[in-house]
1. Report the extension gain between TYR147 and THR122 in nm, rounded to one decimal, defined as 0.36 nm multiplied by the number of residues separating them, less their alpha carbon distance.
2. If I compute solvent accessible area with a 1.4 Å probe over the protein chains, what percent of it on the stretch 45-134 is carbon and sulfur?
3. So how much slack lies between ARG35 and GLU99, counting 0.36 nm per residue of separation and subtracting their Cα-Cα distance, in nm?
4. Quickly rank 110-118, 142-150 as a protection proxy: mean count of other C-beta atoms within 10 Å, highest first.
5. Would you check the accessible area of ARG35, probe 1.4 Å, heavy atoms only, in square angstrom rounded to 10?
6. Explain nothing, just the number: relative contact order of the stretch 17-104, from Cα pairs under 8 Å at least 6 residues apart, as a whole percent.
7. Roughly how many Å² of LYS96 are accessible to a 1.4 Å probe, to the nearest 10?
8. Rounded, prolate or oblate: which fits the stretch 42-83, taking a ≥ b ≥ c as square roots of the Cα gyration tensor eigenvalues, rounded meaning a/c under 1.5, else prolate when a/b beats b/c?
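The values are calculated or read from the model by the stated rules, or taken from the named source; none is laboratory data. Being a predicted model, the structure only gives us computed values, none of them experimental. Reconstructed Cβ throughout: ideal geometry from the backbone, glycine too, with neighbour counts over all protein chains shown. To get the accessible areas, we keep the full protein, side chains included, count just its heavy atoms, and leave off ligands, DNA and RNA. Shrake-Rupley method; radii C 1.70, N 1.55, O 1.52, S 1.80 Å.
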Amino acid sequence: MFTFATALLTALPLALGTGTPAPVGIDETAPVITRDDIVIAAPLNRVWHIQTDVENWPAWQPGVSSSVKRTPGPLRPGSSWVWSTEGLENITSTVKQVEPRRRIVWGGPAQGITAVHVWTFTQAGDGVHVHTEESWTGEPVTADTAYLQAALDASLDGWLHHLKQRAEQQPRPESDTRP
């Protein structure tokens, strides 16, 4: 009976059409976790487009030297790209979850570090509230947690400020209308 009841309660929201996948999150047990926020005075569509146009990251993120999508079209679960940043070469990131203009989660391994990165975007009265959180696990992380914590803290802080600077610049007309 317990198994049947559990299965029924699990299936009911899906049967009623209200089931959405549970949000994918960071690894809360990871030795390195960073959370950061910023408010950007720009339209939500513009902020989303800049952040999810991964091939254009090198144009506005000084630490990103290259970024090439492996899958065409908009980012969706399973989309991946290969990029290099801050001396980490050929990182393959794969999208795990997307809610367009609201939330995107990606992650993957890079040189022994497994990362999960969550971005959320919320329209607010004063602009777009961008929240990001990332977790790192793996042998390099446990070997030098303090150094890698400081590196991730600085990286996400810099990323958010560069995103803000780019989004608040005078836009080209098409940049506010693309999803």
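1. Taking TYR147 through THR122 to full extension adds about 5.9 nm, to one decimal.
2. 51
3. 21.1 nm
4. Values: 110-118: 17.9, 142-150: 13.3.
Sorting 110-118, 142-150 by mean packing, highest first, produces 110-118, 142-150.
5. So the heavy atoms of ARG35 present about 120 Å² to solvent.
6. Numbers: 97 pairs, mean separation 16.6, N = 88.
Once normalised by length, the contact order is 19 percent.
7. LYS96 has an accessible surface of roughly 90 Å² with all protein chains in place.
8. Details: a/c = 2.83, a/b = 1.09, b/c = 2.60.
The shape class here is oblate.
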